[in-house]
Structure formats: structure tokens, C-alpha cells
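A.B. asks: First the structure, then my questions, so here it is.
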Amino acid sequence: MNSNVEKLLKEKTWFLGTYEAEPNVVPVLFKDVTPDGKLLVGDVFLATTLQNLKANGKIAVSICDDKTLEGYQIKGTAVHLTEGPVVDMFKKIVSDTFKGAVTAKGALEITPDTIIVTTPGPDNKKIL
């Protein structure tokens, strides 16, 4: 994963796409990138996403800079974590943000398989 992808992942809202019988897309704000390039998402409102992941484990993450139109689609697989330091981190962040009214129920750990550059025009290309 190059520095441009990582920069946008850290700065912008992510949109997670999953599917089973019907496609599902959700925005996520509680997220992080690990040093080894895995993507982490706090499970706050991900019921349909989790149901779809149980069916096939496949996920796509989309990010875009709305000023430059630089964007990426990251395709991979995800597992749902229900305990451990990553889950504890998201529980604290979400609880602090919502002043205890809501907390994270777990976390997704996404392993990217493919990263596609999305640019205006015909120059989309895979970079991983």
C-alpha cells in the first residue's frame, strides 16, 4: 500500500461495500490502518455488513478526495473480532465520542487483496 492510499485512508470517510442477496454500503468513521497494511473498522452499526461477511467474507472499501477526485477501491476479505486490544481501542473511542450512549460491539480486520486507483477518465489501474 503506497503513501497516497494510506494518507486518504487516514483522512477521509470510508465506504464499506458487502453483498449476499443484495448489495450493502455503509460509511464508517471509526477506522485505522495498521503498520502492515490491514484496515480496521469499529463495529458500531454494521449488522447487515456482518451478515453479508458471514456469507462470503468479501468486502470493498472506497475512499475519495472530493477536491482532487483521487480515489481508491480496496478489495479484500474481512474477519469480525469480538475481543482483544483492537476491540478495546474501538470501544473506548466510540464510547468517548458518544459519551457512553453507544459503544463498539467488535471490529473488522480487513486484509486487502487488490487496490484500484480510481481517477477521472480511462486510467483506472490496479496497484496491488
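A.B. asks: Whether any residue in the range 72-93 is assigned to a loop (DSSP other than H, G, I, E, B), modelled with pLDDT under 95, open to solvent by 30 Å² or more (accessible area, probe 1.4 Å) and over 14 Å from VAL5 (Cα atoms) is what I want to check. Please lay out each step first, then the result.
C.D. replies: Start the filter on the range 72-93 by keeping residues that are assigned to a loop (DSSP other than H, G, I, E, B), which leaves 82-84.
Among the residues that remain, those that are also modelled with pLDDT under 95 are: none.
No.
A.B. asks: Sticking with this structure for a sec: I need a count of the residues in the range 34-62 that are in contact (Cβ under 8 Å) with a residue 60 or more places away in the chain, among the small types (Gly, Ala, Ser) and on the phi < 0 side of the Ramachandran plot.
C.D. replies: Kept after step one, since they are in contact (Cβ under 8 Å) with a residue 60 or more places away in the chain, are these residues of the range 34-62: 37-44, 46.
From what is left, the residues that are among the small types (Gly, Ala, Ser) are 37, 42.
Keeping just the survivors that are on the phi < 0 side of the Ramachandran plot gives 42.
So the answer is 1.
A.B. asks: Still on this structure, I have one more. State whether one or more residues within the range 19-35 are more than 19 Å from LEU81 (Cα to Cα) and among the aromatic types (Phe, Trp, Tyr).
C.D. replies: Yes, because at least one residue in the range 19-35 is more than 19 Å from LEU81 (Cα to Cα) and among the aromatic types (Phe, Trp, Tyr).
A.B. asks: Now for a different question. Conditions: (1) more than 17 Å from VAL44 (Cβ to Cβ); (2) free of Cβ contacts under 8 Å to residues at least 12 places away in the same chain. ASP113 meets all but one. Number of the miss?
C.D. replies: Every condition holds for ASP113 apart from (2).
A.B. asks: Suppose the filter is at pLDDT below 95, closer than 22 Å to MET1 by Cα, hydrophobic (A, V, I, L, M, F, W, C) and open to solvent by 30 Å² or more (accessible area, probe 1.4 Å); does ILE115 pass it?
C.D. replies: no
A.B. asks: So how many residues does the range 1-37 have that are part of a helix (DSSP H, G or I) and either surrounded by 12 or more Cβ atoms within 10 Å (Cβ to Cβ) or of a type in the set (Gly, Ala, Ser) (or both)? Can you show your working first?
C.D. replies: Of the range 1-37, the ones part of a helix (DSSP H, G or I) are 3-11.
Those still in the list that are either surrounded by 12 or more Cβ atoms within 10 Å (Cβ to Cβ) or of a type in the set (Gly, Ala, Ser) (or both) too: 3-9.
Here the count works out to 7.
A.B. asks: Restricting to the range 38-60, name every residue that is open to solvent by less than 30 Å² (accessible area, probe 1.4 Å) and closer than 18 Å to MET89 by Cβ. It would help to see each step written out before you state the result.
C.D. replies: Narrowing the range 38-60 to residues open to solvent by less than 30 Å² (accessible area, probe 1.4 Å): 39-44, 46, 49, 52-53, 57, 59-60.
Within the range 38-60, LEU39, LEU40, VAL41, GLY42, ASP43, VAL44, LEU46 qualify.
A.B. asks: State the number of residues belonging to the range 1-33 that are under 27 Å from LYS67 (Cβ atoms), among the polar types (S, T, N, Q) and free of Cβ contacts under 8 Å to residues at least 40 places away in the same chain.
C.D. replies: Going through the range 1-33, the residues under 27 Å from LYS67 (Cβ atoms) turn out to be 1-17, 25-33.
Imposing the further condition that a residue be among the polar types (S, T, N, Q) reduces the set to 2-4, 13.
Next, only the ones that are free of Cβ contacts under 8 Å to residues at least 40 places away in the same chain stay: 3.
Residues meeting the conditions: 1.
A.B. asks: Scan LEU108, LEU128 and give me the residue that is part of a strand (DSSP E or B), in contact with an Asp or Glu (Cβ under 8 Å, 6 or more places away or on another chain) and either modelled with pLDDT under 95 or surrounded by 15 or more Cβ atoms within 10 Å (Cβ to Cβ) (or both). Even if it seems obvious, please write down each step before you answer.
C.D. replies: Working: LEU128 fails: part of a strand (DSSP E or B).
Of the residues listed, the single one that is part of a strand (DSSP E or B), in contact with an Asp or Glu (Cβ under 8 Å, 6 or more places away or on another chain) and either modelled with pLDDT under 95 or surrounded by 15 or more Cβ atoms within 10 Å (Cβ to Cβ) (or both) is LEU108.
A.B. asks: Do any residues in the range 97-108 that are touching a residue at least 40 places away in the same chain (Cβ under 8 Å) have Cβ atoms under 7 Å from those of residues that are part of a loop (DSSP other than H, G, I, E, B), where the two are at least six apart or on different chains, and which pairs are they?
C.D. replies: That search, which allows pairs on different chains as well, returns VAL102/VAL44; ALA104/PHE30; ALA104/VAL44; GLY106/THR82.
A.B. asks: Sticking with this structure for a sec: Tally up the residues in the range 38-71 that are charged (D, E, K, R) and part of a loop (DSSP other than H, G, I, E, B), please. Before the answer, list the steps.
C.D. replies: Going residue by residue through the range 38-71, those that are charged (D, E, K, R) are 38, 43, 54, 58, 65-67, 70.
This time we only want the ones that are part of a loop (DSSP other than H, G, I, E, B), so: 38, 65-67, 70.
So the answer is 5.
A.B. asks: Further question: Any idea which residue in the range 61-71 is nearest to SER95 (Cα to Cα), counting only those that are surrounded by 13 or more Cβ atoms within 10 Å (Cβ to Cβ) and charged (D, E, K, R)?
C.D. replies: Here is the first cut: in the range 61-71, the ones surrounded by 13 or more Cβ atoms within 10 Å (Cβ to Cβ) are 61-65, 70-71.
Right, trim to charged (D, E, K, R) and you get 65, 70.
On the way: ASP65: 28, GLU70: 32 Å.
Among residues in the range 61-71 that are surrounded by 13 or more Cβ atoms within 10 Å (Cβ to Cβ) and charged (D, E, K, R), the one nearest to SER95 (Cα to Cα) is ASP65.
The values are calculated or read from the model by the stated rules, or taken from the named source; none is laboratory data. If you're wondering where the values come from, they're calculated on a predicted model, not measured in any experiment. We place every Cβ from the backbone using ideal geometry, glycine too, and count neighbours over all the protein chains shown. To get the accessible areas, we keep the full protein, side chains included, count just its heavy atoms, and leave off ligands, DNA and RNA. Shrake-Rupley method; radii C 1.70, N 1.55, O 1.52, S 1.80 Å.
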